[in-house]
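The values are calculated or read from the model by the stated rules, or taken from the named source; none is laboratory data. Keep in mind the model is a prediction, meaning the values are calculated, not measured. Cβ placement follows ideal geometry from the backbone for every residue including glycine, while neighbour counts extend to all protein chains displayed.
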Amino acid sequence: MTGGLIHRELRINAYGSFLRRRFGCRVSKVNVDGGFTCPNRDGSRGTGGCIYCDNSSFSPKGTLAVIPIEEQMAAGMAYHRIRLKSDRFIVYFQKFTNTYAPVARLSELYRRALDHPDVVGISVGTRPDSITDQAIDLLSELARDRYVCVELGLQSMDDAILAGINRGHTLAEYLNTVQRLAGRGIDICTHLIYGFPGESRSGFLKGARLISELPVNSLKLHQLHAVRGTRLAQLYREGSYTPITLSEYIETTCDFLEELPARISIQRLYGSAPLAIRVAPNWDLKNNQMWYAVVNELKRRGSWQGCRTGGEVRAANGEW
C-alpha cells in the first residue's frame with residue numbers, strides 16, 4: 001500500500017481501525033497491573049523516577065497488583081463490553097516497567113493473560129533500557145500465534161531533555177532496542193510527549209522524521225502535564241515550568257502527523273490526569289474531544305497524516 005490509505009474524514013490511521021481490520025471485530029485494550037517496579041526508581045538506573053511520573057494519573061481504578069490479573073481482566077472486559085460493545089481484548093501491562101523481572105515471571109504473567117479465550121494478544125509497556133534478549137525471545141515465541149505489542153517509552157529524542165527529566169536512558173538505547181525487536185513478529189509502539197521545559201516545536205518535530213525511518217508500527221502522543229506530588233508540579237509552582245497552550249499542542253500535533261507515514265497507526269493523542277491530582281495544564285477535555293480537535297484542524301488545513309511524505313488520502317471503501 002504505497003504511502004498508506006487514510007480515510008477522507010478521519011485523516012488519521014487510528015489504531016482502533018487497525019485492530020478492527022486485523023481481527024474482524026471491535027478490540028479493546030484492558031489495563032492490568034502486574035506488580036512491576038522501575039529501574040529508574042529502585043536505584044538500578046536512578047532514583048525518584050521521571051519528573052512527571054505518577055502512575056495513578058493514567059491507570060484505571062481497579063488495576064492494583066494485589067488483585068490477581070484474571071480479576072483485573074474480568075473487570076476491564078466487562079466495562080468495555082458495555083461501553084464499546086467490544087468482542088475481543090488485548091491485555092495491556094501498563095504500570096511501570098513490564099519487562100523488568102526474571103523471564104520466568106514474565107512468562108507466567110503473559111501466558112496467564114493469553115489463557116483467556118477472548119484475549120487476542122498482549123501489549124507490554126516498558127523502557128528501552130529494560131528488555132533483555134531473553135525477554136525478547138519470550139515475546140517472539142508468544143507472537144508466533146498471538147498479537148504481541150511492545151510499547152517503548154522514548155518520550156523525547158533529545159538526550160539533554162531526557163537527562164533533564166531524569167528519564168535514565170538515552171536515544172541510543174532506544175534505537176538499539178528497536179533494532180533488537182525488529183523482525184521478530186512483534187509490533188513496536190513508541191511513546192512521545194510534547195511540552196518539556198526547553199523543548200522547541202522544531203525539536204519535537206524531528207521525532208516524526210526519526211520514527212518515520214524506523215520499523216515502528218504505532219505511536220502514542222500526549223502533552224506534558226503536571227500531577228500532584230511530582231517534581232514537575234514543584235517546578236510549576238516555582239515558575240520553572242510553563243505548560244504549552246491547547247492551541248500550541250493541537251497545531252504541533254498536526255504538524256507532527258503530517259510528517260508521519262500513514263503506515264504508522266495512532267494509539268493516543270492526549271493524556272488526562274484525574275481532576276483530583278491534576279495541576280497543569282487544565283484543559284478539561286476528554287480523549288475523544290482532543291482527537292476531534294486534531295482531526296478538525298487537519299480538515300481546516302486540507303491535510304492528513306503523512307501528507308508531507310507523499311501519503312494519499314482516499315475514502316478506502318470504509319476500511320480506514
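Quick check on my filter: what residues within segment 22-49 are part of a loop (DSSP other than H, G, I, E, B), surrounded by 15 or more Cβ atoms within 10 Å (Cβ to Cβ) and either in contact with a strand residue (DSSP E or B) (Cβ under 9 Å, 6 or more places away or on another chain) or not polar (S, T, N, Q) (or both)? Answer for segment 22-49, where residues must be part of a loop (DSSP other than H, G, I, E, B), surrounded by 15 or more Cβ atoms within 10 Å (Cβ to Cβ) and either in contact with a strand residue (DSSP E or B) (Cβ under 9 Å, 6 or more places away or on another chain) or not polar (S, T, N, Q) (or both): ARG26, ASP33, GLY34, GLY35, PHE36, CYS38, PRO39, ARG41, ARG45, GLY46, GLY49.
Given the condition of a type outside the set (D, E, K, R) and in a loop (DSSP other than H, G, I, E, B), answer yes or no: does some residue in segment 134-142 qualify? No, there is no match, as no residue in segment 134-142 is of a type outside the set (D, E, K, R) and in a loop (DSSP other than H, G, I, E, B).
Within segment 282-311, being part of a loop (DSSP other than H, G, I, E, B) and modelled with pLDDT of 95 or more holds for GLY302, SER303, TRP304, GLN305, GLY306. Would it be correct to say that ILE131 is in a loop (DSSP other than H, G, I, E, B) and touching a residue at least 24 places away in the same chain (Cβ under 8 Å)? The answer is yes for ILE131. State all residues of segment 101-120 that are in contact with a helix residue (DSSP H, G or I) (Cβ under 8 Å, 6 or more places away or on another chain) and either farther than 28 Å from LEU171 by Cβ or among the aromatic types (Phe, Trp, Tyr) (or both); if no residue qualifies, say none. Result: SER107, LEU109, TYR110, ARG111, ARG112, ALA113, LEU114, HIS116, ASP118, VAL119, VAL120. Scan segment 114-161 for residues that are over 19 Å from the mean Cα position of the chain (by Cα) and among the basic types (Lys, Arg) and jot them down. Selection gives ARG144, ARG146. Do we have ILE266 as of a type outside the set (Lys, Arg), assigned to a loop (DSSP other than H, G, I, E, B) and either touching a strand residue (DSSP E or B) at 6+ places or on another chain (Cβ under 7 Å) or under 17 Å from ILE193 (Cα atoms) (or both) here? For ILE266, the condition - of a type outside the set (Lys, Arg), assigned to a loop (DSSP other than H, G, I, E, B) and either touching a strand residue (DSSP E or B) at 6+ places or on another chain (Cβ under 7 Å) or under 17 Å from ILE193 (Cα atoms) (or both) - is not met.
Annotation: of all residues in segment 111-125 being touching a residue at least 12 places away in the same chain (Cβ under 8 Å) and in a loop (DSSP other than H, G, I, E, B), the one that is surrounded by the most Cβ atoms within 10 Å (Cβ to Cβ) is HIS116.
Please go through segment 50-68 and give me each residue that is surrounded by fewer than 20 Cβ atoms within 10 Å (Cβ to Cβ), part of a loop (DSSP other than H, G, I, E, B) and at pLDDT below 90, ordered by number. Within segment 50-68, ASP54, PHE58, SER59, PRO60, LYS61, GLY62, LEU64, ALA65, VAL66 qualify. Taking the criterion of being of a type outside the set (Lys, Arg), in contact (Cβ under 8 Å) with a residue 40 or more places away in the chain and either assigned to a strand (DSSP E or B) or closer than 12 Å to TYR194 by Cα (or both), the residues of segment 214-245 that qualify are SER218, LEU219, LEU221, HIS222, GLN223, LEU224, HIS225, ALA226, VAL227, PRO243, ILE244.
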